[in-house]
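What follows is one structure encoded as structure tokens, with my remarks underneath.
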Amino acid sequence: MSSFNFPNNPFSQRPGTPAFGRKKVGPFPLTVAALVVIGIILVSLSGFYADILWFRSVHFASVWRTTLLTKAELFLAFGAITSLIITLNIYLAHRNRPIYVPTSLEAENIDRYRGQLDPFKRPALIAAGVAIFYFAGSSGTRLWATWLQFKNATPFGSKDAQFGLDISFFAFKLPLYQALIGWAISTLVLTLIVTAGIHYLYGGIRPQVQEDRTSVAARVQLSVLLGLLVLVKAAAYWFDRYNLALKSGHLITGLSYTDVNATLPAKAILAGIAVVCALLFFANIVRRSWVLPAAGVSLMVISAVLIAGLYPAFIQQFQVKPSESTKEAPFIQRNIDATRAAYGLDKVTIKDYQATTTVASGQLSGDALTVSNTRLLDPNVVSATFRQLQQIKPYYTFPDSLDMDRYKVNGKNRDTVVAVRELNIAGSPS
């Protein structure tokens, strides 16, 4: 039989065409990707160049250079430190992985994932380090203004009434301390998650066994990281005490009676408990039990709820509210004094003014015409009374702002409130 070659037959193959199922990828996708990257770079450089031109136009190019160099320094510092901490812990977790892993069904499943990951360990670690460096550095650049304020802090010459610290501490230094504490907590939490994942993947954490669920290396590394995390939390509790001086309350901005007598001691106690809890984690390096660190964390959580949550609320409800004016009076006075000092009014001399007059009898008789024309009615205030007297029917109404006019009554000009009566459809009977 002779074969027929139909022009639209997908199974017929012409000489010189690729085999069935194969497709040549041309340079078009690569060109599009390159153009997208070039476009992103050009857009970024356009904003960069526009900033240069603007600062030059106002003769502040030095400000632009300082800002740029500060952002570059923070990008390198935060990116390098964060990437080093996380990648170093990943490397240590992988290096100290156990040689022998107890066999189980779960372990066999993890072996398959581990076998797929092993060929790409080095490129994956490098890629993770570069990505962390970029994102952490980009986040660090946002602190450029906070860092410059800290670096160029100048004393105010006046001290806070509660802590005895120069007020410049709250304006220039405290924001940076809190930002660094937040960065340290987020970095340690991310490091803990990644490190625990590596230990679990390579058998350092074995929840399926009854005893020794963590290897020695995993226990030591996780204990150190958890101890550092709780220690940083202790620092956060301590610096939260100073942040109360900037708190906005329903009466004043700053410390109130409850803050001084309940919240401040609570924060100090929680900082001490966190330090003890951190020491328990560090002690777990030589112990083989997570019971004491877990008990310490439970104590810290319960204390945070009771001491820092319920106790201040109890003080506010049962001590402050019944006599709030008396309890809050010293702290309101602190706020007034601080406000006067901020506006430069603390040096103003206050003198009592005796509101007495030396007007003789009959002295105002010459101004009788002027006095009689003194306006006693406010058209924005008497609208309710005017509506009640002049409405007549519920389907009449008047505007909220009335008008003033002058009429001659008994031969004298008098101010009169006037308004145009309007229809109120909503008030008409159905």
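Just so it is clear, none of the values below were taken in a lab; they were calculated from the coordinates. All values reported here derive from a predicted model rather than from experimental measurement. Cβ: placed from backbone, ideal geometry, glycine included. Neighbour counts: every protein chain shown.
Data overview
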| item | result |
| --- | --- |
| Ascending count of other beta-carbon atoms within 10 Å, so fewest first, for S303, S401 | S401, S303 |
| Per-residue Cβ neighbour rank within 10 angstrom, fewest leading, Y200, Y134 | Y134, Y200 |
| D_trans [Stokes-Einstein, Kirkwood Rh over alpha-carbon pairs] for the range 156-290, 25 °C, 0.890 mPa s, µm² s⁻¹ | 142 µm²/s |
| Largest-first principal axis extents of the Cα set of the range 377-427 (Å) | 41, 19, 14 |
| Backbone HN-Hα couplings from phi across the range 192-197 [Karplus 6.51/-1.76/1.60, Hz, Gly and Pro as x] | 4, 4, 5, 5, 4, x |
| Under the Karplus curve 6.51 cos²θ - 1.76 cosθ + 1.60, θ = phi - 60°, whole-Hz ³J(HN,Hα) for the range 214-226, x wherever Gly or Pro sits | 10, 6, 4, 5, 5, 5, 5, 5, 5, 5, 5, 5, 5 |
| Footprinting exposure proxy for F60, F133 (fewest neighbouring C-beta atoms within 10 Å first) | F60, F133 |
| Listed pairs K327/K351; K233/K267; K159/K247; K151/K233; K71/K247 exceeding 21 Å between Cα atoms | K327/K351; K151/K233; K71/K247 |
| ³J(HN,Hα), Karplus 6.51/-1.76/1.60, whole Hz, each residue of the range 155-162, x for Gly, Pro | x, 7, x, 9, 10, 5, 6, 8 |
| Dipole magnitude of the range 37-213, debye to nearest 20 (Cβ charges: Lys/Arg +1, Asp/Glu -1, about Cα centre) | 380 debye |
| Extreme residue, positive dipole direction of the chain, given options Y257, F314, I198 (C-beta unit charges) | I198 |
| Selection of trypsin sites (Lys or Arg not before Pro), the range 262-297, meeting DSSP coil and at most 12 other Cβ within 10 Å | R288 |
| 5 angstrom amide H check on T214, placed H, neighbours 5+ away | R206 |
| Rounded to the nearest 20 debye, dipole of the chain from Cβ charges on Lys, Arg, Asp, Glu | 1140 debye |
| Inter-label distance, nm, simple model (7 Å from Cα along the C-beta direction), L76/A384 | 6.9 nm |
| Fully extended contour minus Cα-Cα distance, from L165 to L125, at 0.36 nm per residue | 9.8 nm |
| Long-range HN-HN contacts of Y396 with modeled amide H, under 5 Å | N424 |
| Net dipole in debye of the range 377-427 [+1 Lys, Arg Cβ; -1 Asp, Glu Cβ; about Cα centre; nearest 20] | 280 debye |
| Label of the coordinate-derived value, percent of Cα pairs over 33 Å apart, listed as (i) 36; (ii) 30; (iii) 68 | (iii) |
